[in-house]
1. Across region 4-107, how many lysine pairs separated by 8 or more positions, or lying on different chains, have Cα atoms within less than 25 Å?
2. Under the definition of Cα pairs under 8 Å and six or more residues apart, what whole-number percent is the relative contact order of the chain?
3. What residue among His147, Pro67, Gly233 has its Cα farthest toward the positive end of the dipole of the chain, where the charges are +1 on Lys, Arg and -1 on Asp, Glu, each on the Cβ?
4. If you plug each phi of region 110-116 into the Karplus form 6.51 cos²θ - 1.76 cosθ + 1.60 with θ = phi - 60°, what whole-Hz ³J(HN,Hα) values come out, in order, with x for Gly and Pro?
5. Between region 213-238 and region 1-32, what is the separation of their alpha carbon centroids in Å?
6. Which aspartates and glutamates does Lys206 reach when only Cα atoms under 20 Å apart count, and residues fewer than 8 places away in its own chain are ignored?
7. Near the amide H of Lys23, under 5 Å away, which other amide H atoms are found, from residues 5 or more places off or on another chain, if H is placed in the peptide plane?
8. What ranking of Tyr156, Tyr176, Tyr17 emerges when the number of other C-beta atoms within 10 Å of each C-beta is taken as an exposure proxy, fewest first?
Amino acid sequence: MEKRQELYAGKAKSVFYTDDPDKMVLVFRDDTSAFDGKKVEQLDRKGMVNNKFNAFIMSKLQEAGIPTHFEALLSDTECLVKRLDMMPVECVVRNIAAGSLCRRLGVEEGLELNPPTFELFLKDDALGDPMINESHVTTFGWAAPEHLQKAKELTYQVNDVLKALFLNGGMLLVDYKLEFGLFNGQVVLGDEFSPDGCRLWDSQTKEKLDKDRFRQGLGSVIESYEEVGRRLGIDFNV
Ligand code: UDP
């Protein structure tokens, strides 16, 4: 497999074509951004940590029968993925209230959400990723109804697998965002899973171990990501 021209650079990852039209290379960079790219910093080792973290989580999801784009780890900061036709929507499941839910509905951070909530956001930086509903997705043709239903089902399935995985490591999976795409007509998870795109709290102390440390200027961002990995048994040195 040969890495070719860059297709685009996102806020934290770059995507490259390969000599196989069905495969792409993702490069995890050290760039860290928040607030729609208004706060940006380079955090040493972040690309490596998130790449290896993501590979570990993808293997757990695949073992549980959830189709993902992940193919192989290529280097410390690169992995090979299937090329999907992406749906421009973000699927968010919340087990505990935090972040925009608290701002929007005035509920207290830490409130247990039973059953967990499911939300959709349009992936559009210029509009600030507005919240949307299922009828918007159909009306504007962002995804076929059956594909959206499948993405929703898979997002909940991920919750069952990962809530248990993190709880085993003494952590609460507060919320997370996932994106999906189509590969040969099949709905496939086409996103990274790392502490950049989810919230994780220590189950006893409720200490934040995710990107909120960066958003809120709490410090020790990558050290916390590595601590999450260590609790899951990930060895970042191999
Ligand atoms: N999230 C993300 N990318 C986004 C927006 C949200 O990865 O563009 C994740 C975020 O890290 C959190 C979950 O989705 O785990 C819910 O985010 P929320 O709606 O609370 O927004 P925020 O408070 O991060 O603005």
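1. Total qualifying Lys-Lys pairs in region 4-107 comes to 24.
2. 17 percent
3. Gly233
4. Computed from phi, the couplings for region 110-116 are x, 5, 6, 9, 10, x, x Hz.
5. Between the Cα centres of region 213-238 and region 1-32 lies a distance of 24 Å.
6. Within the straight-line limit of under 20 Å, Lys206 reaches these aspartates and glutamates: Glu108, Glu109, Glu112, Asp175, Asp196, Glu223, Glu226, Glu227.
7. Long-range HN contacts for Lys23: Thr18, Arg83.
8. Tyr156, Tyr17, Tyr176
Values in this text are rule-based calculations from the coordinates and carry no lab data. The structure presented is a predicted model; accordingly, all values stated were derived computationally and were not measured. Neighbour counts are summed over all protein chains in view; Cβ atoms, including those assigned to glycine, are modelled from backbone coordinates with ideal geometry.
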